[in-house]
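These notes are about the structure you will find just below.
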Amino acid sequence: MDYSDIAGDLTEVLLTEQQIHDKIEELARRIETDYAGRNILLVGVLKGAVMVMADLARALKMPLEMDWMAVSSYGSGTQSSGVVRILKDLDTDLHDRNVLIVEDIIDSGLTLSWLRANLESRGAESVEICALLRKPEAAKVHVDVKYEGFSIPNAFVVGYGLDFAEKYRNFRDIGVLAPHVYA
Ligand code: PRP
């Protein structure tokens with residue numbers, strides 16, 4: 001889905017498909033260098049991370065494995081609480097694995113903070129995070145993100161995997177949702 005298909009629902013395009021593509025290539029080069037000679041397991045967090053995962057995995061010029069988790073944060077409305085429930089767990093044993101968690105966005109940081117600790121407790125050799133977007137103004141806890149794409153304002157963003165009420169995930173760019181859509 002392109003901008004012309006949903007122009008009326010957005011106030012602006014924050015990041016274009018090309019900008020996202022270039023950033024993912026840049027992150028992939030860093031990851032290749034850092035993980036040279038090591039087996040890497042990409043762990044995608046459903047559902048938002050599907051686009052980043054698909055593009056990052058294909059950009060990486062190295063053997064890798066992919067697995068998925070689905071988690072749900074208990075909380076009211078759109079606010080996460082830090083209490084996380086696993087809806088779909090990994091199929092992979094993490095013992096001695098080099099895990100790279102792949103996320104679309106870090107908002108409060110509560111989900112990733114919990115997830116990292118959870119995966120570390122399973123005997124992984126290393127656990128690092130790659131997140132395409134981060135909202136510094138929304139942070140409630142500090143999360144050490146080794147591979148960060150873009151730092152963005154605290155706005156309601158959709159596209160490239162990010163949804164509002166499950167819609168807009170297939171928008172190619174990342175845009176700011178117009179208030180009339182969610183008000
Ligand atoms: C989003 C995103 C992260 C989480 C970040 O997922 O993919 O997992 O929220 O928020 P936090 O930093 O405040 O914890 P969401 O719960 O919207 O589910 P989805 O990926 O299925 O859209």
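Report the one residue of Ala131, Tyr168, Ile24 whose Cα lies farthest in the direction of the positive end of the charge dipole of the chain (charges on C-beta: Lys and Arg +1, Asp and Glu -1; origin at the Cα centre).
Toward the positive end, the furthest listed residue is Ala131.
Net charge near Val52: determine it from the other residues with C-beta under 9 Å of the C-beta of Val52, scoring Lys and Arg +1 and Asp and Glu -1. Mind showing how you got there, number by number?
Values: positive: none; negative: Asp55, Glu103, Asp104.
Summing Lys and Arg as +1 and Asp and Glu as -1 gives -3.
Quote the relative contact order of the stretch 45-183 in percent (integer), defining contacts as alpha-carbon pairs under 8 Å separated by 6+ residues.
Working: 246 pairs, mean separation 27.3, N = 139.
Reported as a whole number, the value is 20 percent.
Summing -39500 (n - 2.57) over the DSSP H runs of n ≥ 4 in the chain and dividing by its residue number, what mean residue ellipticity at 222 nm do you reach, to the nearest 500 deg cm²/dmol?
On the way: 5 runs with 47 residues, N = 183.
Helix contribution divided over all residues of the chain: -7500 deg cm²/dmol.
Just to be sure I understand: of the beta bridges DSSP finds with both ends in the stretch 108-183, what percent are antiparallel, rounded to 5? Each step should come with its number before you reach the end.
Working: 4 of 8 bridges.
Of all bridge pairs located within the stretch 108-183, approximately 50 percent are antiparallel.
Determine the percent antiparallel among the DSSP beta bridges restricted to the chain, to the nearest 5. Write out the running numbers ahead of the final one.
Values: 12 of 35 bridges.
Roughly 35 percent of the beta bridges in the chain run antiparallel, per DSSP.
By the gyration tensor of its Cα atoms, with a ≥ b ≥ c the square roots of the eigenvalues, what is the shape of the stretch 96-147: rounded for a/c under 1.5, prolate for a/b over b/c, or oblate?
Working: a/c = 2.88, a/b = 1.80, b/c = 1.61.
Prolate, since a/c reaches 1.5 and a/b exceeds b/c.
Cross-link candidates for Lys61: which lysines have Cα within less than 27 Å, leaving aside residues fewer than 8 places away along the same chain?
Here the lysines satisfying the reach criterion relative to Lys61 are Lys23, Lys47, Lys146.
Among the aspartates and glutamates, which have Cα under 16 Å from the Cα of Lys167 when same-chain residues fewer than 8 positions away are ignored?
Of all the aspartates and glutamates, those that pass the test against Lys167 - Cα under 16 Å, at least 8 places apart if same chain - are Asp2, Asp5, Asp9, Asp104.
Counting pairs of Cα atoms in the stretch 20-142, how many percent are more than 20 Å apart? Write down the numbers at each step before the final one.
On the way: 3114 of 7503 pairs.
Percentage above 20 Å: 42.
Where a number appears in this text, it was derived from the coordinates with a stated rule and is not lab data. Small disclaimer: the values here were computed from a predicted structure and weren't measured. Quick reminder, even Gly has a Cβ in these numbers, built from the backbone with ideal geometry, and neighbours come from all protein chains shown.
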